[in-house]
Each structure stands twice: as structure tokens, then as C-alpha cells.
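One structure is given below, encoded as C-alpha cells.
The values are calculated or read from the model by the stated rules, or taken from the named source; none is laboratory data. Because the structure is a prediction, the values reported are computed rather than measured. Glycine also receives a Cβ, built like all others from the backbone with ideal geometry; neighbour counts cover every protein chain displayed. Accessible surface is based on the protein model in full, side chains and every heavy atom, while ligands, DNA and RNA are left aside. Shrake-Rupley method; radii C 1.70, N 1.55, O 1.52, S 1.80 Å.
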Amino acid sequence: MSAGPPLLASRLAPAALPEPVVLRPRLARLLDDGVARPVTLLRAPAGWGKTTLLATWRRAVAEADPAAPVPAWVCVEAGDDSDRLWAYLAAALRSVADTGGDPAAVAAVPDRAPRPDELEVLAAALAARERPAVLILDDLHRITDPAALTGLEFLLRHTEQRLRLVAAGRSGLPLAVQRLRLAGELTEIGPDELAFTGDEIADLLTAHGVAMPVAAVRRLRERTEGWAAAIRIAALALREQPDPERWIAQLGADQPELAGYLREEVLAGLEPADRELLRRAAVADTVCAGLAEALTGGADAETRLSGLAENAGLLHHDGGRPAWYRCPPLLADLLRRELGRLPAEELRELHLRAAGWYGGNGRPVDALRHAFAGGDWTRASDLFVTRWPELMPYDRIVRTAAPPTLPAPEALAADPELALAAATQRALDGDIDAARELLRPAATHGRALPEPRRARFGRLVAVVELVLAQLAGDAEAVRVAATHLLATRTAVPTAAPAAAAAPLVDAGDDADVRAVAGTALALLALDAGDLGAAATGFAAALAAARQAGRTRTELVCASRSALLSAVRGELRAAEQTARGALALPPCQGWSAPVDCGYAYLALALVALHRDQPAEAAANLGLTAAATREPVAGAVAAWCRGYLRCDEGELSAGHRLLVAARAKWSDRPGELAAWLLAAEVDLHSAHDLHARDLHSAHDLHRARDLHARDLHSVRDLHRARDLHRARGEAQSARDLAVARPDPPHARELAAVQPGAEAALAVAAARVELRSGDPRAAARLLPDWAAASAADWPLPVRLDAALLDALLAGRTGDDRRAGRILEQALDLAAPDGYRRPFTRGEPGLRDLLAARLDAGTAHWSLVSDLVRAVEVPAERAPSGASVTPLDEPLTERELTILRYLQSILSNVEIAAELSVSVNTVKTHVRNIYRKLDATRRRDAVRRARDLHLI
């Protein structure tokens, strides 16, 4: 062993942990699972608890198995070259090999950067170990020369996974991350995993002797986003605070300890260009490459922003295209404070650059704010007058920066349009009272304006009133303001005499009025659960938005129209509209997660009706922002409930529907009835299953439970009204003769015929499942009547299929077949599958009979028959169907499917473009393999085997 500088023991073991330490079992499990792979990488900015986590995990591993080798530890320092780093790696590897009683491995470890032949000897020695050696490298980002890790990477590749590396660092780690990731040899733990959860924050505060209520812990989690260093600093500071809750509520970068840590540990390690980019970008809440280049004048913003997000972990991006980035709250607060210390003229220039970029890239709301912040009153007024349709607050606006300064009162008095722009800005800032104070005198001054400016001004006043009403959440005020805005259509001239000046409004303005006011009214109808009025309103507003070229309004209307079309069962229209909405240009980054969520929810509902559960679940995963709104939340619960039911989790699916209906209980109408019908369906399906496992008594209890609720939203059938009874276990038949309570009269009147039909179909299904087909037939509504054309298509399909089943049970096969064919006529254009594949027992037999009798939908029915599982009760007792001794070929399977039809051999040959003799040969082989002598016997045997 050659002599060299002495090794520091402090670099071969973790430093003493900062007490108190909170154990985090979920992260320990991640590390336990991670060391099953060659490399585990912890990458996060300073202060995210990487070193503390590794030290506590290493200690826990040692305590769990004292006889096992403790993971080796090396702390990397700045300036480590290949020889110096390897000296420490050698010492660490020797400690592991020595503890494991492996003298060959100990002898093979060189104490300097090894030669290739030495590396091979060491790799062979490590590969021969019985247990893997675990090596922890902390602060790996300090390695500036990737060649320093060449020997270690060789060992990772050639030790047959007997060497496991756990590395931690900040950014620019010198590892082949992409190669490891693609090879499946990498476990990654980043800020999202390292962030403290609410429970972990509460545990840490308690360990520091500070007990806080849940709301305060939640606020601390929001402000720090789980950043460990900030939480520990807060825990230490809270000990000395007389009012800890108030201190947390005001937590920001003005805290000296936090500001110092951010400057010294987070910002100090960045390149000057990156620091300047972050500082200038702080003028905006979020930033994209185009905006960053406008603010900095540089041309490499995309690369720098991506590096700050992916490598340094200092920015979060939204995953969209183009990508928009934001700073964590405390860092953003610090950067804005530093921005405030810039010279006033430089800060003004930044705001005006931002205003110019936003105005030219479809974000007038942000352009207006920065125009005011930059003191450009003319630009602010022009933005409001010309871009008012795009200032509508369709999304919840979250502002982190201080509201901009507005013009002096005398400037507002001299320019009424500027005063309206200022009122709109204050409303968007969240100060409704200040906005109203600005609106009143402006409206008064506007009456003295000459025509046609006065007429245009009246329209703009109505616009501000609508913005105020929407932000205040006052439904009646929104309705009044929208009506007022619509009334200005006739008050504003669209043409002018030849000698007069050009008019200030035109047909485009009229389309804007119809689009904005119509959207506001449609949103009100949607929130109230009036789906019919909402659908009509969105359709008209969508056409107007397209005429006016307002993409933002178009997306709002199109996404919700798509969902309403899906609810009505118009699957093709829903899919087309939803995909069109998602394909709209992103207007350079106004994020519309709520609107896109509606479109994805429409696609999820379409996929569910088409029995594509994986696609439905994938689209549901993209609806989170929209499902916070009542209608979207209810529809999403409906979808998830049926998906859980399809997975066999009937109780979980039913609970989702119960919770959704409880949230919708104060909104009677079509959706309320729709949710109730689904709840009854899932509950009766669950209890039908429970009856097989327990007793028939459970089913009747379920029927009683839901029958008591049905009367609150509709009259099921004039002869079958159901009555709510508290604490009484009456049967559905006993309740059938009761009349609904008078207090529900208005509620009943609000229910549309389609909703009543949905509930009647649900009640009929309950009776059928309980074994009373006569009662089911009495309850089933007339789906073939002319009025049924107005029902949602899924309701009509369900009614038709129940009618076919009831006809089949009475032995009227011809009527059953005729009804089924009509149902297929309804289902085929939109691609419906679920009503057939997830239908009641007996439906598969009816479908199979259509193949024998002949159908215009032969291909569809053939697919449905194959897709529908044979009920367990019909499977042969004692054993499954005997499999074939000799499988059918692909060509034989094709011809077997045609044998289900009424086509002759000659016609089958023509369909397949083969000779008749070829078809006959395949048919003989099919009969032989299926042990059949007739076509019908062969088809029946094939269905039993699920071949068709």
C-alpha cells in the first residue's frame, strides 16, 4: 500500500445528527427497496434532508442486523480528484469487505485510482461476495471531473450487482443517469418524496416542544412545500414566539434565518446568469422561456430554466408545452424582496417588458396587471377596452405579488375607461370593495360622454359588473350583469352614416357580448344542475366565441359542452368536441387545468360507455382540477363508482356514489336523479352478490333503503310512488302506493322526463334482480315511445335491454330479438358496449341468438358475445369445459365466427375471397376439432369454450 495524505475519519462516517430527529418510515422503505437495484439517487437542493435521511437509515440498518456489514459512507469534498476520491472509496470498501469477512476483497482494493487490471480483480472479488456491499456517497455534486467516478462505474457494471451505490447530491451529478434509468438500474428520490408530509411536520414540531393545530401545520406545509430546512428553522423559532399561529401565518423570507439560508446555501451555488434569471423572473408568478427571454434579453432561457428545474430542483414546471415554471413560495418571496430593491426605472422597465410579452401572447389579464405596475396608463386602458372578453375570471386567480399601484384619482376622473380598467384590476386582485368604489364614480362620469363612445362605455360598465359578480360568487348578480351586458347589443350601433366617424363597435363586438354573457349564464345553469339549459347555453356561446376568435372562451364552452354531450350519451359528438378543445392552442401558457379537466372527463365517460376501463381510468386521472366543481365531481364519482364495481369492488363503488349524491342533495334535477339511479343500481348489484354469500334478507333491506330515497326526486310511476320512512323497514311494494310528501312538490317538478326514466329503469332493475319480473315490467318506462327520443341514450339503451330480457323470460323470443336489434341500432353509431358487456344475466344468450337468427350488426354482436363472460352459475358443475385436444387455426377461427351468421358456405367464401372447397375443408376440420356434427352444435361448443 503506497503512502499518501492521511484520511479523515469524519469523511468516512456521517456527522452527528441534529437532534431531535424524526423518523420517516416511508422514506426508509424507499431506500430499502432502492438498494435492491445497483444505484439509488437522492437529488434535491440544499436543505431537503438528504444527509439526515441517509444517516438515520444507515443507523437503522445497523441496529436491525448487528452482524451484517454497515453501509460504507464517504463524504465527498470540493477538489476531490480521482486519486483522492479513490483513497476514501478504498477505505470504505475495505471496511465493508473486512466486516463481511472477505479477505480477498480487502486485498483487492487499491488505495489510489486503480488500473484496469486492478479494477477487474476487485470486481471479481466483490462479485464473489455472498451479500451485496452498500456504499453511500454524500454530496456527490462536489465532483467536477466525471472521470473521477470511472472506476466506480466499472464496478457497478461488473460486480453482478454485489455493489450497491446510494448517492446524494444537489445538481449536475456525474453519473450516467439516463443509461441507468433506461436499464432499470436506478431508483430516484427527489424533492417530491423528500418533502415533509403534514403528519411528519406535526411530529417534528412536537419533538421540538411546539404543538400546533392542524390548520397551522397545513399553512406551514403550504409555505414551505415540505422543505426540511425551512421547517426545522421554523420549529426552532416557534419556541420563542408568543403567538406561534400568527408567526406561521406571516411566515416569509423576511425571517433572517430563512433569508440567510436561502442566500448562502441555495442561491450562492448558482451561476451568476442563473441567479439573474431567477431575480428578473420574480416579476411574474410563473415564467416560460419566451417570457424569460423578454425579461432578460438572453436567448438561452429554455436551457437555463430546464436546468434549474431538472438539475437544481429550484423550479417546478407544470408539465405542459411550452413549460411554465414557478419558484417555491419562500424562494419566490426572497427574490421579490430583492427585486423591490432595484432602481424604480429598472423595475418599471421589467414590468413593461412583461406587459408587452403577455399582451402579445394571449394573456391580457397579466398584461393589464403589469401595465399598471409599470405605470403605463394608456396601455392599461387600451388593453381593457380592446381585450375585455379575455379578462373574464374563468379560473380561480391566485396572486402572490402585491397589487399594482393605480393612477391618481384625478387621472381616473379624467379618463372613465381607465377608471373601469382600474376597477377591473382591483377586482382581479381580490379587492371587490375597492373595485366597487372605483366603478361608481366612473359610471357617473361616463354618462357625460358623447355618442357612440357613451354606448360603448355602457357596455364596458356591464363588463365590470359581470367581473365583480363572478369573482364575488353571487349567482343572482351574475345573472343580472349578464342580462345587462346582453341588453347593450341593441344600444350600440353597428354601422354609422357615411359622413360620421367610424363606429367604435362592430359585429365582432356583438359576438363577444353573446360569447361572454352566454358563457356566464351557461355556467350558472351548470352549477345549478340544469343540464339542458347549460347545454343549450354553451352551444350558443361556443358558436359566438368561435365567430369572435376568443380561444379562451371557446375552451371554456367546448370542454363543458363535451361533458354534457357525454352525459346525454352522444358519444361521438362528445369525443369530437373534447378532442377539439384539448387541441386548441395554449395561448402561450394561460393554464386552464379546470377546462381541460372537463374535456378529459368527457373522454373518460365516453370510454366507460364503450367498456374501455383502462382508457377511462387514464382520462379520469387528468380531471383533478375540474372535479372540485360540483357537476364534474359528481360525474367523476359516477365513473369511478362503476369502474370500481367492474373491478369487483361493489361496496367501494357504491360508497363513492353515496358520497357524490350527498354533496348534490341540495340541487334537485336531472343529475340528482341520475346519481340516485346509479346508487340504486350499484347497491342492488352489491346486495345481489351479498345474497349469494349471505341471505336474501340483505337484498330486501337494500331495496327498502333506496326505495325510501327515490320519492324525494321524482314520481317513479304514477302507480309506484315511493315514500320516505324513517326507521321503518317497509318493503318497496308496501311503499309503492304511498304519495310523495307535499314539501317535495317543487323538487318533483324540476325533474325532467329523462331523469324520471332513469329512476324508473333503476327501480325496474331492482325488481328484476330480486326475482319479480312482473313488477319490473310494470315499472319499466316505454323506451320506444316518441317522447323517449329526448332521454339520455344510456337510459334508453338500459330500458330496451331490460325489456328484451323480460320478453325472453316470458318465452317471447321473437319480441326479445326484435327489441335487441333495435337496441343495437341505437348503440352502434356511438360505439356503445358497456350496456351489453356489463348487462344483466341472460343478455349474452340473447346476443348469441341474434347471431343464429341474423342481425344487421353481425360483427358487433360477435364481439359482444365474446366479451361477455359466462355467469358462474351456468358453468358446468364440478369442472370447467373440457379444452380442445387440437386448437383451431387462425383461419378456422375466422370461419367459425362466420358460422354464427346465416351466411351459406358460398357466401362465406365470397366474403373471404376464397374458394367454396376451401371453406368446406375448414368447416370439416372445425366440426372434427369441436366434436360436432352440425353448425349449431359447433357454434354452441365454441361459445362454451369462449372461442367466439
_Given the criteria open to solvent by less than 30 Å² (accessible area, probe 1.4 Å) and at pLDDT 85 or above, does Val861 qualify?_
yes
*Among the residues of the range 182-207, write down those that are at pLDDT 85 or above, outside any loop (DSSP other than H, G, I, E, B), out of contact with any Pro (no Cβ under 6 Å at 6 or more places or on another chain) and open to solvent by 20 Å² or more (accessible area, probe 1.4 Å).*
Thr187, Glu188, Pro191, Asp192, Glu193, Gly198, Asp199, Ala202, Asp203, Thr206
*When you go through (1) within 21 Å of Phe836 (Cβ to Cβ); (2) buried (at least 21 other Cβ atoms within 10 Å of the Cβ) one by one for Ala637, which number turns out not to apply?*
(1)
*Residue in the range 406-426 that is hydrophobic (A, V, I, L, M, F, W, C) and open to solvent by 80 Å² or more (accessible area, probe 1.4 Å) present*: yes
*Tell me the helices (runs of 4 or more DSSP H) entirely within the range 341-401 that contain at least 3 residues that are under 33 Å from the mean Cα position of the chain (by Cα).*
344-360, 364-373
*What number goes with the only condition from (1) of a type outside the set (Asp, Glu); (2) surrounded by fewer than 24 Cβ atoms within 10 Å (Cβ to Cβ); (3) part of a helix (DSSP H, G or I) that Leu584 does not pass?*
(3)
*Report, by residue number, each residue of the range 776-790 that is in contact (Cβ under 8 Å) with a residue 12 or more places away in the chain and open to solvent by 30 Å² or more (accessible area, probe 1.4 Å).*
Ala777, Arg778, Ala784, Ser787, Asp790
*Check Arg336, Arg326, Arg353, Arg348 and return the single one that is at pLDDT 85 or above, of a type in the set (D, E, K, R) and farther than 21 Å from Thr405 by Cα.*
Arg326
*Being part of a helix (DSSP H, G or I) and touching a residue at least 40 places away in the same chain (Cβ under 8 Å) is the filter; apply it to the range 293-315 and report the residue that is surrounded by the fewest Cβ atoms within 10 Å (Cβ to Cβ).*
Gly307
*State all residues of the range 305-343 that are aliphatic (A, V, I, L, M), closer than 19 Å to Glu265 by Cα and out of contact with any strand residue (DSSP E or B) (no Cβ under 8 Å at 6 or more places or on another chain); if no residue qualifies, say none.*
Ala312, Leu314, Leu330, Leu331, Leu334, Leu335
*Take Ala229 and decide whether it is touching a residue at least 12 places away in the same chain (Cβ under 8 Å), closer than 24 Å to Arg29 by Cα and open to solvent by 30 Å² or more (accessible area, probe 1.4 Å).*
no
*Determine, yes or no, whether Arg337 is open to solvent by 30 Å² or more (accessible area, probe 1.4 Å) and either within 29 Å of Ala515 (Cβ to Cβ) or assigned to a loop (DSSP other than H, G, I, E, B) (or both).*
no
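Is at least one residue of the range 789-811 outside any helix (DSSP H, G or I) and among the charged types (D, E, K, R)? Full working, then the answer.
As a first pass, look at the range 789-811 and keep what is outside any helix (DSSP H, G or I): 791-792, 810-811.
Those still in the list that are among the charged types (D, E, K, R) too: none.
No, the range 789-811 contains no residue that is outside any helix (DSSP H, G or I) and among the charged types (D, E, K, R).
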_If I filter the range 404-417 down to residues being under 16 Å from Ala355 (Cα atoms) and not β-branched (Val, Ile, Thr), which single residue comes out as nearest to the chain's Cα centre (by Cα)?_
Pro404
*So, in the range 232-263, of the ones that are assigned to a helix (DSSP H, G or I) and of a type in the set (D, E, K, R), which residue ends up surrounded by the fewest Cβ atoms within 10 Å (Cβ to Cβ)?*
Arg246
_Any hit, the range 472-479, residues being basic (Lys, Arg), more than 19 Å from Gly375 (Cβ to Cβ), open to solvent by 30 Å² or more (accessible area, probe 1.4 Å) and under 36 Å from the mean Cα position of the chain (by Cα)_ = yes
_What's the number of the only condition in (1) out of contact with any Gly (no Cβ under 7 Å at 6 or more places or on another chain); (2) closer than 16 Å to Arg765 by Cα; (3) open to solvent by less than 20 Å² (accessible area, probe 1.4 Å); (4) modelled with pLDDT of 90 or more that Gly817 fails to meet?_
(2)
*Collect the residues in the range 39-77 that are over 33 Å from the mean Cα position of the chain (by Cα), in contact (Cβ under 8 Å) with a residue 40 or more places away in the chain and in a loop (DSSP other than H, G, I, E, B), keeping them in residue-number order.*
Ala68, Pro69, Pro71, Val76, Glu77
*asked:* Kindly evaluate Ala87 against the criterion of being open to solvent by 50 Å² or more (accessible area, probe 1.4 Å), at pLDDT 85 or above and small (Gly, Ala, Ser).
replied: no
*In the range 165-181, how many residues are within 23 Å of Pro14 (Cα to Cα) and either open to solvent by 30 Å² or more (accessible area, probe 1.4 Å) or free of Cβ contacts under 8 Å to residues at least 60 places away in the same chain (or both)?*
4
*Which of (1) more than 41 Å from the chain's Cα centre (by Cα); (2) open to solvent by less than 60 Å² (accessible area, probe 1.4 Å); (3) modelled with pLDDT under 85 is the odd one out, the single condition Glu907 does not satisfy?*
(2)
_Pairs with Cβ under 8 Å, 6+ apart, first in the range 565-586 and of a type in the set (A, V, I, L, M), second surrounded by 20 or more Cβ atoms within 10 Å (Cβ to Cβ) and assigned to a loop (DSSP other than H, G, I, E, B)_ = Val567/Pro792; Leu571/Tyr832
_Selection status of Gly290, under 17 Å from Gly340 (Cβ atoms), open to solvent by less than 60 Å² (accessible area, probe 1.4 Å) and either in contact (Cβ under 8 Å) with a residue 60 or more places away in the chain or in a helix (DSSP H, G or I) (or both)_ = no
*Within the range 316-334, which residues are without any contact (Cβ under 8 Å) to a residue 60 or more places away in the chain and either in a helix (DSSP H, G or I) or open to solvent by less than 40 Å² (accessible area, probe 1.4 Å) (or both)?*
Ala323, Tyr325, Cys327
_So, in the range 645-679, how many residues would count as being open to solvent by less than 10 Å² (accessible area, probe 1.4 Å), touching a residue at least 60 places away in the same chain (Cβ under 8 Å) and in contact with an Asp or Glu (Cβ under 8 Å, 6 or more places away or on another chain)?_
3
*Is it true that Arg436 is more than 24 Å from His351 (Cβ to Cβ), open to solvent by less than 60 Å² (accessible area, probe 1.4 Å), out of contact with any strand residue (DSSP E or B) (no Cβ under 8 Å at 6 or more places or on another chain) and basic (Lys, Arg)?*
no
_Test set (1) modelled with pLDDT under 90; (2) part of a loop (DSSP other than H, G, I, E, B) - Val266 fails condition number_ = (2)
